[in-house]
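Shown next, in structure tokens, is the structure this report addresses.
All of the numbers you see were taken from the coordinates with simple rules; none came from a lab. Remember, it's a predicted structure, so these values are computed and weren't measured experimentally. Note: ideal-geometry Cβ built from the backbone for every residue, glycine included; neighbour counts use all protein chains shown.
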Amino acid sequence: MSAHVARLNAANAQAEARRLIYGSTAIRRCDPWLRRMASLMQREEFAPAMLNRILGGDPQLQAVALKAVLAEETNGRSAPTSLTEAASRYGYSRVRDTIMLVGIHLCHLEMAPFGQFDAKALTIQAVAIWTAANELGDRSLTGLVANIGIGGLAAAFGSEYRHVVQSLAGGSTPLHQAEKRAFGTDHAHFGAAILREAGFNEAICYDAEHHTDSDAGSEVIAVAEVVAHQMGFDGGMANAAGDISEEALAGFGVVESSMARMAVQITNQVQWSERLIKCTEMV
């Protein structure tokens, strides 16, 4: 490995992760979007008027999110002129979810090119994980941000990270194990460091950090990721999908019929996100 790639010190992981975070222009550019996403995830629902306040100072996120919300308007009514008005008309959760989708995709657009990854594929995978986790009982949006560390490692290590990912194609080695061997950390732990720096609450950071741990295989994000991966939503990386034991699924009350329903929900949400992703073009 080249000398400029530093291994993270296990005893000082967050400090070392911060060095990588603040050494990457791409990750720093994502910080304002992530901070606003973190604010939206602090509680179940804010008053609609708070949306403009939370997104204040970020005209790009506001404009793209509003454009994405309006993309679903089909009845010919006059269009809302603000996110506050949109939330009052369409409901807070719909507008919040759209903002979150736009935010994570903007982050992927910023970071993914450093590793020559497909930003859209990473976003679609995130949506699939989020939807599967929701179907498994996790009503938070943790699944949407759980793999932010993939883009983060791409931004921090560039082509070296890409080579690690390419080496796994068609094999059985999990991505996080190869990452640890190469860089001393994996996307789950590095992603959690990014989320902590952006002010996400600790429960979300913890779930993101530990979703690849071997002793957390029954945790909701870990299972949701495997479900999404087995449906073909692998972030464009063609790496090992992993297996889900019947016991793990039974722990969430999942049977064959509910797996079919989950697949339909994931497909519907992915189609929704694909339509809205188009709104991240210049406005």
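How much net charge surrounds Ala133 when only the other residues with a Cβ under 13 Å from the Cβ of Ala133 are counted, with Lys and Arg +1 and Asp and Glu -1? Don't skip to the answer; put the middle values down first.
On the way: positive: Arg139; negative: Glu135, Asp138, Asp207, Glu219, Glu225.
Within the 13 Å Cβ shell, the charges total -4.
Along the charge dipole of the chain, which of Leu66, Thr267, Val223 sits closest to the positive end, that is, farthest toward it, with unit charges on the beta carbon of Lys, Arg, Asp and Glu (+1, +1, -1, -1)?
After comparing all options, I get Leu66.
Round to the nearest 10 and give me the degree value, 0 to 90, for the angle of helix 25-40's Cα axis relative to the longest principal axis of the chain.
50
Any idea how far apart Arg77 and Tyr22 come out in nm if each label point goes 7 Å out from Cα toward Cβ?
4.7
Among Phe252, Phe233, what is the fewest-to-most ranking by other Cβ atoms within 10 Å?
Phe252, Phe233
So which lysines can Lys120 reach, going by Cα to Cα under 22 Å and dropping same-chain residues fewer than 8 places off?
Cross-link targets: Lys67, Lys278.
To the nearest 500 deg cm²/dmol, what mean residue ellipticity at 222 nm is calculated for the chain from DSSP H runs of n ≥ 4 alone, each contributing -39,500 (n - 2.57), summed and divided by the residues?
Numbers: 16 runs with 178 residues, N = 283.
The helix contribution divided over the chain gives -19000 deg cm²/dmol.
Looking at the chain from every direction and averaging, what is the projected area of its Cα convex hull in nm²? Numbers along the way, then the final one.
Working: hull surface 59.2 nm².
For the chain, the mean projected area of the Cα convex hull comes to 14.8 nm².
Using a Förster radius of 22 Å, what is the FRET efficiency between Tyr206 and Asp31 based on their Cβ-Cβ separation? Nearest 0.05, please.
Working: r = 20 Å, r/R0 = 0.92.
The formula returns an efficiency of 0.60 here.
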